[in-house]
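J.: Quick one: this structure, given as structure tokens, is what I'll be asking you about.
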Amino acid sequence: MLFLYNIITILASQVLKIAPFFSPKMKLFVEGRKSVFTVLQSKITTSDKTIWFHAASLGEYEQGLPVMEKVKEKYPTHKIIVTFFSPSGYEVRKNNTIADVTVYLPLDTKVNASKFITLVHPEMVIFIKYEFWPNYLNELKKRSQSFGTKTYLISGIFREKQAFFKWYGEFYRKALQTFDYFFVQNEKSKTLIQSIGFTNVRISGDTRFDRVVSILERDNSLGFIEDFKDNTTTIVIGSSWPKDENLLVNFINQASNNVKFIIAPHNIKTEQIQELQQSIIKKAVLFSKKENQNLAEFSVFIIDTIGILTKIYSYADIAYVGGGFGNPGVHNILEPATFGVPIVIGPNYSHFAEATALVNMEGCISISNDTELKNAFDLLLQNEDERYEKGHICSTFVQMNKGATTVILKYLE
């Protein structure tokens, strides 16, 4: 099976050579990997001590950040290496201040894995949440036997549909033997990994809670948002997709002038931003056009940039988090939750434990159509007590679930 996997991986690497001609994202995916080994050779010497973190994309990076920060404090003489698989993670965080080296993870071929591990020669490896690459794990197992390298999974999630738990998944199960310890988010994940013979596992929870709690300790002020809000009740719409926006625009266009809206779309391509702005009949301003404007005069603020949504949530009276009409589902609801903001989402959230929990606890409202959206917003706009209570449920939920980083670091020590 591993032989077949390697053949498929090699074929995929050849197909990817033409992919950049068809997709800008694939161009980043391919082009970004061309210089990885050159960068590693120039920034890591054979005498360096290194610790390697791998994140699939931006969400996993943010999830692992609390652990990265503590590890960096504990091992100040080690170089921190961070790898990403996806351009949506690498391109946003390639200039982060935590890592000494940030690169794409080369494709999981035997040659790439051997060369990468040799150049990085990590003492410790931490994979965040998921992404189990058999050739990399096999190389790490060899290094463990020869040099004592330790490999961990943090904030892990396991599901029954994964190959590990299928009749054909033997070589994937074998790859898991590389991990010295599994820190998983929930009881189901622990039960699943134990069912295939692994006892080196404990429930630590999700480090994302530690990440969002730490947000409260920083300066989240944005002067231009204060100017726009102007002490008016404000709904912040974060990470919205067109399917979300189709419903939201109808509500926005009919809403009272006593309510303002901030929209931070997931995709900020110019043509999509223009289409969104044109669909709104209220007075709207773009972030990129905000200079020399009296922002208090506008009812809608469209954020056509990235990196400031978390701070914007601190100004929300109500939050709508997008993605719930797509697959796999809703985006990160913990950021508005940590600020004590009641949340509205679409119907696809079952893959996300925190969303499921908050819907069940009634801190978060799930909607499926225009009518349900209007009812949810009207309830929260017209009933301040209801708004406060749901927001309190959200913030309490976040505070009660923090602490995963402490559990992990205590074991690593």
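J.: Right, Val285: within 30 Å of Tyr152 (Cα to Cα), among the β-branched types (Val, Ile, Thr) and either in contact with a strand residue (DSSP E or B) (Cβ under 7 Å, 6 or more places away or on another chain) or surrounded by 21 or more Cβ atoms within 10 Å (Cβ to Cβ) (or both) or not?
T.: Judged against the criteria, Val285 is not a match.
J.: Moving on. Could you list, ordered by first residue, the pairs with Cβ atoms under 7 Å in which the first is in region 393-413 and under 15 Å from Gly64 (Cβ atoms) and the second is open to solvent by 50 Å² or more (accessible area, probe 1.4 Å), at least 6 apart or interchain?
T.: Filtered contacts from region 393-413: Thr405/Lys70; Leu409/Lys70.
J.: Still on this structure: So which residues in region 300-324 are open to solvent by 20 Å² or more (accessible area, probe 1.4 Å) and either within 18 Å of the chain's Cα centre (by Cα) or hydroxyl-bearing (Ser, Thr, Tyr) (or both)?
T.: Residues of region 300-324 open to solvent by 20 Å² or more (accessible area, probe 1.4 Å): 304-311, 314-315, 317.
Passing the criteria: Thr305, Ile306, Gly307, Ile308, Leu309, Thr310, Lys311, Ser314, Tyr315.
J.: When the residues of region 359-413 are narrowed to those that are in a loop (DSSP other than H, G, I, E, B) and in contact with a helix residue (DSSP H, G or I) (Cβ under 6 Å, 6 or more places away or on another chain), which ends up surrounded by the most Cβ atoms within 10 Å (Cβ to Cβ)? Working first, answer last.
T.: First, pick out the residues of region 359-413 that are in a loop (DSSP other than H, G, I, E, B): 362-363, 367-369, 383, 401-403, 413.
From what is left, the residues that are in contact with a helix residue (DSSP H, G or I) (Cβ under 6 Å, 6 or more places away or on another chain) are 363, 367, 401-402.
Numbers: Gly363: 24, Ile367: 20, Asn401: 20, Lys402: 20.
If we take residues in region 359-413 being in a loop (DSSP other than H, G, I, E, B) and in contact with a helix residue (DSSP H, G or I) (Cβ under 6 Å, 6 or more places away or on another chain), then Gly363 is surrounded by the most Cβ atoms within 10 Å (Cβ to Cβ).
J.: For Pro66, all conditions in the list (1) of a type outside the set (Ser, Thr, Tyr); (2) in a helix (DSSP H, G or I); (3) within 30 Å of Glu170 (Cα to Cα) hold save one; what is the number of the exception?
T.: (3)
J.: Taking the conditions exactly as written (among the β-branched types (Val, Ile, Thr), open to solvent by 60 Å² or more (accessible area, probe 1.4 Å) and closer than 26 Å to Phe179 by Cα), does Thr46 satisfy them or not? Reasoning before the result, please.
T.: Values: among the β-branched types (Val, Ile, Thr): yes; open to solvent by 60 Å² or more (accessible area, probe 1.4 Å): yes; closer than 26 Å to Phe179 by Cα: yes.
In short, yes.
J.: Related question: How about region 259-299: which of its residues are at pLDDT 95 or above, within 29 Å of the chain's Cα centre (by Cα) and of a type in the set (Lys, Arg)?
T.: Lys260, Lys289, Lys290, listed by residue number.
J.: I would also like to ask the following. All but one of (1) of a type in the set (S, T, N, Q); (2) surrounded by 17 or more Cβ atoms within 10 Å (Cβ to Cβ); (3) closer than 24 Å to Tyr5 by Cα hold for Gln63; which doesn't?
T.: Gln63 satisfies every listed condition except (3).
The values are calculated or read from the model by the stated rules, or taken from the named source; none is laboratory data. Bear in mind the structure is a predicted one, so any value in this text is a computation, not a measurement. Glycine gets a Cβ as well: all are built from the backbone with ideal geometry, and neighbour counts include every protein chain shown. Areas reflect the complete protein model, heavy atoms only, side chains present, ligands, DNA and RNA absent. Shrake-Rupley method; radii C 1.70, N 1.55, O 1.52, S 1.80 Å.
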